[in-house]
Amino acid sequence: MFVDEVDIHIKAGDGGRGSLSFRREKFVPKGGPDGGNGGAGGSVYVVADPHRNTLVHFRFNPDYQAQRGGNGAGALRTGRGGRDLDIPVPVGTLVYKIDPDTGDKVQAADLTVVGQRVLLAQGGRGGLGNAHFATSTNRAPRKVQPGEPGQEFELHLTLKLLADVGLVGYPNAGKSTLISVISAAKPKIAAYPFTTLTPNLGVVALSGDRDFVVADVPGLIEGAHEGHGLGHQFLRHIERTKVIIHLVDVSGASGRDPVEDFDTIRKELELYNPALLKKPHLVAANKIDAVDDPKRVTALEKRAKKLKLKFFQISAVTGAGVKELVEAAWPIIAKARELEAKAIAVAQDETENRDVPADYNPALMPPLRSGTPKKR
């Protein structure tokens, strides 16, 4: 089951309660207060896991809670801190926090790198024990603090597959066949008309230790941006791609005009997100081995050249022209990866060179919030 959208609930651990205790030992008549502080509650993190490619595990387990902090004890013993909770998600997951009043979604994390770990809910701080409140005028305080409640959120998770190349086109244009030929992916393929129901990912290996990931997006139809067919549900999966390969059936078996199919899909991409048309595009006339009218191919080639797009004639079944198409995508991918690497390096330099105030001390913590915690 492929699931790319889901709602979950998370709760960080509450802080432990401070201890009310007095030192009572033989031969120590004035022991005084010795109640320790409560331990901090565990926080909730989200982690990009390369071994997951769907959000289906959240469908059956939507609630996640970190461990609460332990209570303080006598002899100035601090309670044990709660364990943090790491929630594994596929690489490419977007995390949104849902406003409980308005229902609005605010982006909290975008996990695009394997192992990326983002804090979503902070654990509550432990309460102070009575030893903390001892003064010269109040040597036997009976005041303690409860632990601070951990943060709690409703989250919406959306998966956008991380692929270098996205295959788009009408249903039965041959996308699944192409991805099965150029990679080890084995999508369902049949001789009768049907459309892929879920995206497929495949790794394409080229000579010289080069490789990239290609995504076969379920077939688009007119009105996909409005939710017609399956296109609206899966169009998000090509938003992160570096190049889009537009497959067009030129065999005539569909009874449609290839140029009209090409223009219709481009219009749907633009209506969904205009930035998709600004990405590099390659046009591939597929099923060239079954063409009954060469004018179909010529008309599509003229249309592609008018838009200044590279045009290829291929047959995913026989393999004709497939190698040339794949090799044409590589320079675009390599350039995009180089730009991404530079952007990451710049971001890391800015983080390392960030100015830190001279009086900054991470060990100093602000006091707990005053007042009674709100009921949730």
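The values are calculated or read from the model by the stated rules, or taken from the named source; none is laboratory data. A quick note: this is a predicted structure, and the numbers were derived from the prediction, not measured. Note that we place each Cβ from the backbone using ideal geometry, even for glycine, and neighbour counts take in every protein chain shown.
So is ARG59 under 30 Å from ARG240 (Cβ atoms), in a helix (DSSP H, G or I) and not β-branched (Val, Ile, Thr) or not? Yes, satisfied.
Residues that are of a type in the set (Ser, Thr, Tyr), free of Cβ contacts under 8 Å to residues at least 60 places away in the same chain and not in a helix (DSSP H, G or I): does the stretch 312-321 have at least one? For the stretch 312-321, residues of a type in the set (Ser, Thr, Tyr), free of Cβ contacts under 8 Å to residues at least 60 places away in the same chain and not in a helix (DSSP H, G or I): present. When the stretch 3-62 is filtered for residues that are surrounded by 18 or more Cβ atoms within 10 Å (Cβ to Cβ), more than 20 Å from VAL95 (Cβ to Cβ) and of a type in the set (Gly, Ala, Ser), the ones remaining, listed by number, are GLY15, GLY16, GLY18, SER19, SER21, GLY35, GLY36, GLY38, GLY39, ALA40, GLY41. Can you confirm whether the stretch 82-99 contains a residue that is assigned to a loop (DSSP other than H, G, I, E, B), closer than 30 Å to GLY35 by Cα and in contact with an Asp or Glu (Cβ under 9 Å, 6 or more places away or on another chain)? Checked the stretch 82-99: at least one residue is assigned to a loop (DSSP other than H, G, I, E, B), closer than 30 Å to GLY35 by Cα and in contact with an Asp or Glu (Cβ under 9 Å, 6 or more places away or on another chain). Of all the criteria given as (1) closer than 30 Å to ALA328 by Cβ; (2) touching a Leu at 6+ places or on another chain (Cβ under 7 Å), the one not satisfied by SER176 is (2). Looking across the stretch 293-307, the residues that are assigned to a helix (DSSP H, G or I) and under 41 Å from the mean Cα position of the chain (by Cα) come down to ARG296, VAL297, ALA299, LEU300, GLU301, LYS302, ARG303, ALA304, LYS305, LYS306. Only one of the numbered conditions (1) modelled with pLDDT of 90 or more; (2) surrounded by 17 or more Cβ atoms within 10 Å (Cβ to Cβ) is violated by GLU268, and that is (1).
Does the stretch 10-22 contain any residue that is over 23 Å from LEU128 (Cα atoms) and either at pLDDT below 90 or acidic (Asp, Glu) (or both)?
Keep residues of the stretch 10-22 that are over 23 Å from LEU128 (Cα atoms), which gives 10.
Right, trim to either at pLDDT below 90 or acidic (Asp, Glu) (or both) and you get none.
The answer is no; no qualifying residue exists.
Exactly one condition in (1) assigned to a loop (DSSP other than H, G, I, E, B); (2) surrounded by 19 or more Cβ atoms within 10 Å (Cβ to Cβ) is not met by ALA75; state its number. So the condition that ALA75 fails would be (2). Quick check on my filter: what residues within the stretch 234-292 are of a type in the set (Gly, Ala, Ser) and either assigned to a loop (DSSP other than H, G, I, E, B) or not assigned by TED's automatic domain parsing to the domain that holds PRO218 (or both)? Within the stretch 234-292, SER251, GLY252, ALA253, SER254, GLY255 qualify.
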